[in-house]
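Okay, structure first, notes after.
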Amino acid sequence: METRDVFAELTEDVIGRMQNATDQRVREVMAILIRHLHAFVRESSLTQEEWGHAIDFLTRTGQMCSQHRQEFILLSDILGLSMLVDAVNHRSGVGITDSTVLGPFYAGPQRELAPGETILLREEDCEPVVLRGEVSTEGGAPIQNALVEVWQTAPNQLYDVQDHDQPEGHLRASFRTDAQGRICFRSILPVSYPIPNDGPAGRLLEMMGRHPFRPAHVHFMISAPGYRKLITHLFLEGDEYLKSDAVFAVKSSLIVTPMVKDGALTIEYNFGLSRDSEPRA
């Protein structure tokens, strides 16, 4: 029997042994995964030593995970998988804001603030900025009482969960839109920063000849009953890493330019949500 027939027979044998799986989706997804994994090994002529290195890499990736750090999300992000899953699952179009990755540093619901309040819990030596937004339907109708969660790094390029010197919840907050779908809060200009590169994901970036930096941005997660949850960023125009974001999350529609308005540096953006019943793209 030819070697290629042996390979194919093994692949089909592995898939065939799932016949007693009760979940049809599990059988479907695992069959696709097994075929692609087996094809990868055949195409690359993977050696046992290389496979050993891969197992060690995945082991160290898991060991790096903690309550405040998710190395597997970093790995998914730098390989473009997070953005690919996002693209498969989110409809885009006129009136709907483009989505991006959640990232590994979302820390759950935060304190809910009144319009115009600051998300800072300590003073920072960085230029202040006012962020104003509107949340609306695809057709432009305002969405009242939508939950808008925001988070960003401090000027030292770290999120509060990475930095014991920052107060917990610093530069994070939640807001509710008013009857016109509006939110407003005070913050500081975000800065570009490197994703954590002291673990397996960072080592892989180095081996691929890539840098670990993300362009300056503010995270937004917006949810409202009857609408698809929106996870997105706003990026600053002119940032040197806009075209080489380490996690491939930049979309031109999400790049903003701060402008002076009413005497204050201001960022304005209108967020459009799609109906929850909308089919996937």
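The values are calculated or read from the model by the stated rules, or taken from the named source; none is laboratory data. Only a predicted model underlies this, so the values are computations on that prediction, with no experimental measurement involved. Note: ideal-geometry Cβ built from the backbone for every residue, glycine included; neighbour counts use all protein chains shown. Accessible surface is based on the protein model in full, side chains and every heavy atom, while ligands, DNA and RNA are left aside. Shrake-Rupley method; radii C 1.70, N 1.55, O 1.52, S 1.80 Å.
Laid out as a table, the results:
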quantity: Dipole magnitude (debye, nearest 20) for region 91-226, charges at Cβ of Lys, Arg, Asp, Glu; calculated: 400
quantity: Heavy atoms of Ser44: accessible area, 1.4 Å probe, square angstrom to 10; calculated: 50
quantity: Dmax and Rg, reported as Rg then Dmax, of region 1-105 (C-alpha, Å); calculated: 18.1, 58
quantity: The chain - mean residue ellipticity at 222 nm from DSSP helices (-39,500 (n - 2.57) per run, n ≥ 4, rounded to 500); calculated: -8500 deg cm²/dmol
quantity: Per-residue SASA entry for Lys251, accessible area with 1.4 Å probe, Å² rounded to 10; calculated: 50
quantity: Span-rule helices in the chain, defined as complete DSSP H runs reaching 15 Å or more along the axis (Cα) with Kyte mean at least -1.0; calculated: 3-16, 24-44, 48-64
quantity: Exposed-site-free run, longest, the chain (rule: GluC sites (Glu not before Pro); DSSP loop; at most 14 other C-beta within 10 Å); calculated: 3-116
quantity: Heavy-atom accessible area ranking, 1.4 Å probe, most first, across Leu84, Leu234; calculated: Leu84, Leu234
quantity: Using θ = phi - 60° and Karplus 6.51 cos²θ - 1.76 cosθ + 1.60, couplings along region 116-129 (whole Hz; Gly, Pro as x); calculated: x, 6, 9, 8, 7, 10, 8, 6, 10, 7, 7, 5, x, 8
quantity: Cut-off under 5 Å, modelled amide H: who pairs with Arg91 long-range; calculated: Ala281
quantity: Residues whose placed amide H lies under 5 Å from that of Ser192, excluding near-sequence neighbours; calculated: Ala216
quantity: The chain, Rg to Rh (Cα coordinates; Rh as Kirkwood inverse mean 1/r); calculated: 1.04
quantity: For Arg182, residues with placed amide H under 5 Å, excluding near neighbours; calculated: Val135
quantity: Test item: Cα-centred dipole of the chain, Lys/Arg +1 and Asp/Glu -1 on Cβ, debye; calculated: 680
quantity: Rounded accessible area per residue of the chain, 1.4 Å, Å²; calculated: 56
quantity: Ranked order, Met18, Met259 - accessible area, probe 1.4 Å, largest first; calculated: Met259, Met18
quantity: Reachable lysines, given that their alpha-carbon falls under 23 Å from the alpha-carbon of Lys229 and they are not under 8 places away in the same chain; calculated: Lys251
quantity: Accessible area in the full protein assembly, largest first, 1.4 Å probe, for His164, His233, His211; calculated: His164, His211, His233
quantity: Calculated SAXS-style log₁₀ I(q)/I(0) at q = 0.09, 0.19, 0.21, 0.22 Å⁻¹ - region 113-256, Debye, Cα scatterers; calculated: -0.31, -1.20, -1.34, -1.40
